[in-house]
Structures are given as C-alpha cells and as structure tokens.
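No value in this document is a laboratory result; all are computed from the given coordinates. Predicted, not measured: the structure shown is a model, and the values here were computed from it. Methodologically, a virtual Cβ is constructed for each residue, glycine included, from the backbone with ideal geometry; neighbour enumeration extends over all protein chains shown.
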Amino acid sequence: MNGTSTKAPIASSSSMDQDCAVKTAAVASENESIFRMNSIDLAAFGNEGYEVRYLDEKVGKGVFATKKFSKGDLVLVDSPIVTCQFAWNKQYKYRACEYCLRALETAEQNVRRLTQNQTLELPHPECCETKPELHVKCDKCPAEYCSEDCRRKAFDEYHKILCYCGEEPQEPVRILDEYWRKIHYPPETGNVWLLVKLLARIHLDSSNTIARRLSEFCNSTTNDDEELAHKSLGEEFSVHIHNLRELVVNAVNYPNVQQWLTPEGFLKLFVLIGRNAQGVGTSSFATYVEQIEKLELHPNEKKALLDHIDNIYGVIDAVVGHFLDNEGVALYPLQSWVNHSCVPNCEVKFPNKNHVVGLVASRDIEAGEEIEISYLDLADMQRSRYSRNKYLKEHYLFECKCPKCMEQINDEEISTDEDEDDDDEDMSDAEAEEDEEMNN
C-alpha cells in the first residue's frame, strides 16, 4: 500500500455490486456478468499465482502476482481470523450466521422485512439458496448459525467463553454491546466485538498461531493510534477508549492477552483492527436475483420478472435506503496485505455468500504486478485527488501515489470545496435519517 497501513476497505461489500441495483443486472453487459462467480471450494482452490513481499518500513507488505491473470480470474481467496456482524445491523433484525455472516432469512422473508410488506410474494422460490432446515442455534444464548459446522467452529474458537445465557442483562458481554451501540451509530464501520472475538481466539489458541499472526500486522506510533481513534470515536474518544477497555477486560481478562488489555495495548489493537479489517456484506435477496438472471425464460416474461424485481428494489430504497445487506467486518490473514490504488486491478467479492473473500481481476494482470484494491467506495473514487487523499490520510494515515493520483497531482484544489460540501450534506442526511429511525 502507498502508506503506513495494510488495510482493506471498511465499507461493507455486498455479494452483488455495491449499488446493488437490479436494473444493472437487467441490462448486464459482458464486463459486468464476468464477475458473477459460483461458490468456490476452498480446499480445491490452490491459492497459487501470488506472493507476499516486504516493500519498505513506510508501506509494509504487498501482494504481487507471480503469473498472468486475465480479467475475471479469481486471483486469491481468504478466510478470516474473526468475523463480526455490525451491532446496529443485528439490532435491526438483519439475520446472519453469527460465525460466517451467511444470510439466514429466505429471500421472501428478506424483502418482506425490508419493504415492510408482509404479503409480498416472490416468484420462482427455487431460486432462493437459503436452507432454513440446516440452521441451528446456541442452546444457551440467541446466537444463530447457518449450519452445525459453523456452530461448532464458533464454539471451539471463541463462543465457549463469550456465550451468555440471554437472561441476565448485566452480563459483561451485553453491557459492552449496549455501550458500543450508544457511541457508534449507523452507517457503521466497525464493531468492538471483532476485538473481543480476536482476544478470545488468542486465549483459546494453544499453538499461539493467531498471536504470532497478529504481530505481523503493521505497527504504528501512539500519536497515529490516537489520531485514528479520535476519527473513529469522536471528540470524546479518550473517554470511550477508557470505558471500552474496562468493559472488554470484564469480558476477556485472561493471562495470555494482558499485553492487549493495557491502555496502550488496547488502543493499538483497536486501531490495528480498524485499519486492517474488511467490510463484509451478504443478502439472500441479492443471491436470489443472481439466480433469477440465470433462468431461461421467454424474453417478455424475463423482462416482466426483472421489472418486478426492480420495483421491489425501488420500494426497499424508499424504506431503508442503502441498508440492504447483512453487514459486518472481518480480519483476514492474507487479504489484509493487499494495498490500495485509485486505479485497482482487483475487486473484492464474496463468492460463497458468506465471509470467504475473493479478489477478482478487474483487468488483465501481468506477472510481477502488485495486486491492488480500492479502499474507497464507488462514489469516493470519482472525487478529486485532494478529496480522495484527504479521506485516506484521515482514515489510514497515508497519501496515495498511484498513477491516477500522480497524473492529477497538479490539478487545482478549488473543487475540494464542493467535495467537502457534499460530504457535509451526506453526513447531515445520514444523521437526520438515523434520528428519524431512532425516534420511530
């Protein structure tokens, strides 16, 4: 990456494109459809064709292609160390597997909730991939899982020490969850529970593999940590960090994680996760739409069907805006080394409709070329060089030196006033919508 962080974008990435518009699918071009992938077998996928290289002290590490990839090729696949659903996303009944974030609602249940229309019916129910018959719950707390395999993995990795009975409101884990929601409103960019799960995994990992992997992530100064914590938690970040640390200590106060529970260690871990985590998004309705597109129907019938789905998306947009997906965040051992570019050669996808991440080549990639993604969303990518780097400096403490930024280095910065006004307007609209939702 062109800076001090090896962070992948926090913004949640849906199983479809981020704008998640069905009209895009209705007139899908060859370039768009090339990125629609079938579920991948992690055991069969060799993860060959790239290597991690150390670049320098400022940038850290990067991932480089060791063979040529064509546009649309799956470049690498990674499973996370830990995954966590956003707190408010979960609070608003976006049902996802507690372990892998796979959507638990059927497509019809999903759109009924999002449209607030309990009589809405979806045609071709065979296109829904949700399998409720496989879903299981923890027998002591409300945690839900898409399969017994996920329940078992969660229990072995962290849930055996984080499970709570759901009957006592003063349990440490519940108090921490409530406090986090009070200081971190939508649109969400993280969850302190990713940190808690990570500490639980370190405690239960007898091989010490996770602790060693954690030490490989980028290091930062105390001043850098405080600056990013301030950006994440607001003006009262020092109070929030203090309170969060005390609540986390109450939940996971184990001897082998004490280095991360000191004030300095906790701040460093909090920021490390914020800079390296990747947003994850899943949607049973989006997956349903992908299957609908594959149906072989009469052109008129297909058009009517896609128009119907487009209308549903219109209603959803009016009711919940862009909050369509089950959203969360995950920390990946390999994907976190992939650096940023404003002209990336890969896109982040979730081909298995869960937290397994895949990087897909958005253009041909030559052997020896660095594999790069964008830390910015589609809208921010269109902003001026000044605005893009203003965001990157504030959130990741680096200035981008990609070809696009170098080409625009002498551009006038007058346009930044408009960019900042747009940012303020977007923030005001978001805050107003949040207030309205909370009041309702």
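Highest mean packing first, where packing is the average number of other Cβ atoms within 10 Å per residue, the peptides 363-369, 200-206 line up as 200-206, 363-369. Karplus-derived 3J(HN,Hα) values for region 360-368, using 6.51 cos²θ - 1.76 cosθ + 1.60 with θ = phi - 60°, are 10, 5, 8, 7, 5, 10, 8, 4, x Hz; glycine and proline are entered as x.
The phi-based Karplus calculation (6.51 cos²θ - 1.76 cosθ + 1.60; θ = phi - 60°) puts the 3J(HN,Hα) values of region 375-383 at 7, 9, 7, 4, 5, 5, 5, 8, 7 Hz, whole numbers, x for Gly and Pro.
Sequence-ordered 3J(HN,Hα) estimates for region 72-81 from the Karplus curve with 6.51, -1.76 and 1.60 and θ = phi - 60° stand at x, 5, 7, 8, 8, 10, 8, 9, x, 6 Hz, glycine and proline given as x. Add +1 for every Lys or Arg and -1 for every Asp or Glu among the other residues with Cβ under 12 Å from the Cβ of Tyr54, and state the total. The answer is -1. Taking amide H positions as modeled 1.01 Å from N, with prolines and chain starts lacking one, the residues under 5 Å from Val280 and 5 or more places away or on another chain are Ser13, Gly328, Val329, Ala330. Among residues other than Glu407 whose Cβ falls under 13 Å from its Cβ, what is the net charge (Lys/Arg +1, Asp/Glu -1)? For residues surrounding Glu407, the net value is +3.
Residues whose amide H comes within less than 5 Å of that of Val82, counting only those at least five positions distant or on another chain, are Leu331 (H built at 1.01 Å from N in the peptide plane). Were the residues from Tyr54 through Asp307 laid out at 0.36 nm apart, the gain over their Cα-Cα distance would be 86.1 nm. In terms of packing, defined here as the mean over residues of other Cβ atoms within 10 angstrom, the peptides 273-279, 171-177, 74-80 line up highest first as 273-279, 74-80, 171-177. For region 243-394, lysine pairs separated by 8 or more sequence positions, or belonging to different chains, with Cα-Cα distances below 24 Å total 6.
Highest mean packing first, where packing is the average number of other Cβ atoms within 10 Å per residue, the peptides 287-294, 304-311, 355-362 line up as 355-362, 287-294, 304-311. All Cα-Cα separations within region 134-212 were binned at 5 Å from zero, giving a P(r) of 3, 13, 19, 21, 21, 16, 5, 0, each value a whole percent of the pairs.
With a cut-off of 13 Å between beta carbons, the residues surrounding Glu121 carry a summed charge of 0, where Lys and Arg count +1 and Asp and Glu -1.
For Ala96, the amide hydrogen comes within under 5 Å of the amide hydrogens of Leu104, counting only partners 5 or more places away or on other chains and with H modelled in the peptide plane.
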